[in-house]
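The structure under discussion is supplied below as structure tokens; questions concerning it will follow.
The values are calculated or read from the model by the stated rules, or taken from the named source; none is laboratory data. Just so it is clear, the model here is predicted, and its values are computed rather than measured. Every residue, glycine among them, receives a Cβ derived from its backbone with ideal geometry; neighbour counts consider all protein chains shown. Only protein heavy atoms, including side chains, enter the accessible area calculation; ligands, DNA and RNA are left aside. Shrake-Rupley method; radii C 1.70, N 1.55, O 1.52, S 1.80 Å.
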Amino acid sequence: MTKNISVLGSTGSIGVQTLDVARMHGIKVSALTANTSIELLERQAREFKPDIVGVLDENAGKKLKIALSDTNIKVISGKTGVIAAAQYEKADTVVNAIVGVAGLLPTLSAIEAKKNLALANKETLVAGGSIVMNEIKKVGIKLYPVDSEHSAIFQCLQGCPENSLKKVILTASGGSFFGKSRDELKNVTVENALKHPNWSMGKKITIDSATMMNKGLEVIEASWLFDVEDKDIDVLIHRESIIHSMIQLNDNAVIAQLGTADMRIPIQYALTYPERLPSPAKELDLAEIAGLSFAKPDYETFKCLSLCREALRKGGIYPTVANAANEVAVQMFLGEKIGFLDIAEIVEKALSEVNFDKEDITLDDILQADKETRMKFGR
Ligand code: NAD
Ligand code: MG
């Protein structure tokens, strides 16, 4: 079990819940980082007394340094601060709860420093899966999924013999706009898109859930984590978010993991594996829920899901480009510069313009593709 963690992105939705788990189980927190939200970061630093705090934003870093000048906590600004936290010597596990591809280099830094990883930052695997998985193999650290679906699959796999997995079945709530037609989606607002039926999460992932890009990213994430191809990953709409995902084994037995929609369960499992400790999450009452429903996803209306599957099949830098285009498109949608349906259009256009057929991609290829896509499609 993890004894000492560094939390990257500690002021976000996953970061805050990670600190809840650490508080409950007395897990020492020796490093914290965030981009902004300085007041919250200061409160976290005073409570958990880490040795170092990294702040990406230089100005925010200066302010925090002054605010914490009565303590022994070292504040490091800029990218150096994030990397210092990812490699902090006392931590045995790094929780990566940064949002977006900005989490990729910190992930690689943590692996280089031989830290185990509790990975919430799915964009790390979408954009740089081949590099990350290779480095993990070389260094021999453990990678524990935090994303609820992937944690569910990881939990279901416990005790299954190697090579017994036939397919994974990722469940999807369907997001804020399940059942809507393209026509109905034309004029939806940011406020509507941010109303997720079951989960309270950061803005980017909530929009990704509404477009179903999130499930597309998760298909790619699952392919790296569990070594499965696109054809062996099913997506199943399950509005209630009670079954967090399932696996089907060679004999067609299906195993599911259920629970209330509370990210502290998968976060805790990633930190306490293989132990099962008490959790602040509520008990599941299936009699009260009474029914669980399932449906096929609508791949025509929610094009991002099919675009991610296509990117996964093509491999190389396609997933990196799909992710980068989506990141800039979501920012533009949140800034009310584009409409909801434009998000998928931008991802589609970016993928159609990829001109790259090298089989073995390098980290530089990934960073370059990410940067070029952002420059081309962001405004
Ligand atoms: P969030 O926006 O709530 O928090 C992001 C955190 O990262 C904040 O602390 C922010 O300050 C920090 N940050 C942002 N940009 C950064 C940068 N460039 N460098 C360093 N730090 C930076 O996001 P979230 O909802 O907590 O999601 C975090 C990750 O976890 C995402 O990859 C998301 O897809 C994944 N995830 C989230 C949930 C959830 O319930 N929120 C569930 C599954 C997976
Ligand atoms: Mg998920």
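Using modelled amide H (1.01 Å from N, peptide plane; none on Pro or chain starts), what sits under 5 Å from the amide H of Arg239, excluding residues fewer than 5 places away?
The list, which skips near neighbours in sequence, is Ser293.
Moving on. Karplus couplings for the range 333-343 from phi (6.51 cos²θ - 1.76 cosθ + 1.60, θ = phi - 60°), rounded to Hz, Gly and Pro as x?
Values, residue by residue: 5, 4, x, 6, 8, 9, x, 4, 5, 5, 4 Hz.
Additional query: Taking 0.36 nm per residue of separation and subtracting the Cα-Cα distance, what length does fully extending Asn163 through Arg276 add?
Answer, rounded to one decimal: 38.2 nm.
I'd like the chymotrypsin sites (Phe, Trp or Tyr not before Pro) in the range 311-379 restricted to DSSP loop residues with at most 14 other Cβ atoms within 10 Å, sorted by number.
Listed in order of number, the matching sites are Phe356.
May I pose another question? Report ³J(HN,Hα) in whole Hz for each residue of the range 345-351, in order, from the Karplus equation J = 6.51 cos²θ - 1.76 cosθ + 1.60 where θ = phi - 60°; Gly and Pro get x.
Per residue, the Karplus-derived 3J(HN,Hα) values read 4, 5, 4, 4, 5, 4, 5 Hz.
Report, in deg cm²/dmol and to the nearest 500, the calculated mean residue ellipticity at 222 nm for the chain, where each DSSP H run with n ≥ 4 adds -39500 (n - 2.57) and the sum is divided by the residue count.
-14500 deg cm²/dmol
In sequence order, what are the phi-derived ³J(HN,Hα) couplings for the range 81-93 according to the Karplus relation 6.51 cos²θ - 1.76 cosθ + 1.60 with θ = phi - 60°, rounded to whole Hz, with x for glycine and proline?
Computed from phi, the couplings for the range 81-93 are x, 5, 5, 4, 5, 5, 10, 4, 4, 6, 7, 8, 9 Hz.
Fully extended, how many nm does the chain gain between Leu40 and Val190 (0.36 nm per residue separation, minus their Cα-Cα distance)?
Full extension of this stretch gives 51.5 nm more.
List the residues whose amide H sits under 5 Å from the amide H of Ile317, counting only those 5 or more places along or on another chain, with H placed 1.01 Å from N in the peptide plane.
Here the answer is none, since no amide H 5 or more places off falls under 5 Å of that of Ile317.
Another question about this same structure. Within the range 73-151, list the trypsin sites (Lys or Arg not before Pro) lying in a DSSP loop whose Cβ has at most 12 other Cβ atoms in a 10 Å radius.
Those satisfying the criteria are Lys114.
Next up: Given the Cα-Cα distance of Lys142 and Lys62 and 0.36 nm per residue of separation, how much length would full extension add, in nm?
Length gained between Lys142 and Lys62: 25.3 nm.
Right, next: Determine the per residue accessible area of the range 4-145 with all protein chains present and a 1.4 angstrom probe, expressed in square angstrom.
40 Å²
Take the cross-link list Lys3/Lys371; Lys167/Lys296; Lys186/Lys314; Lys137/Lys371; Lys314/Lys371; Lys62/Lys195 and give me the ones stretching past 25 Å between alpha-carbons.
Working: Lys3/Lys371 37 Å; Lys167/Lys296 16 Å; Lys186/Lys314 29 Å; Lys137/Lys371 27 Å; Lys314/Lys371 20 Å; Lys62/Lys195 35 Å.
Too far apart for the 25 Å limit: Lys3/Lys371; Lys186/Lys314; Lys137/Lys371; Lys62/Lys195.
Over the residues of the chain, compute the C-alpha Rg and express it relative to 2.2 N^0.38 Å.
This ratio for the chain stands at 0.95.
Which of the GluC sites (Glu not before Pro) found in the range 267-302 are in a DSSP loop and have at most 13 neighbouring Cβ atoms, other than their own, within 10 Å?
Listed in order of number, the matching sites are Glu275, Glu283, Glu300.
For the pair Met133 and Tyr299, how long in nm is the line joining their label points, each one 7 Å along Cα→Cβ?
It is 2.1 nm.
With the full set of protein chains in place, find how many percent of the accessible area of the range 238-379 is carbon and sulfur; take the probe as 1.4 Å. Write out the running numbers ahead of the final one.
On the way: 3590 of 7280 Å².
About 49 percent, which is the carbon plus sulfur part of the accessible surface.
Something else about it: Over the C-alpha atoms of the range 4-145, what are the Rg and the largest Cα-to-Cα span, Dmax, in Å?
Expressed in Å, the Cα Rg and Dmax of the range 4-145 come to 14.0, 44.
Find the relative contact order for the range 4-145 and round it to a whole percent, using C-alpha pairs within less than 8 Å whose residues are 6+ positions apart.
Values: 288 pairs, mean separation 31.5, N = 142.
Once normalised by length, the contact order is 22 percent.
A further question on this structure: With +1 on each Lys and Arg Cβ and -1 on each Asp and Glu Cβ, and nothing else charged, work out how big the dipole of the chain is about its Cα centre, in Debye to the nearest 20.
On the way: 44 positive and 50 negative charges, 181 e Å.
Its charge dipole is roughly 860 debye.
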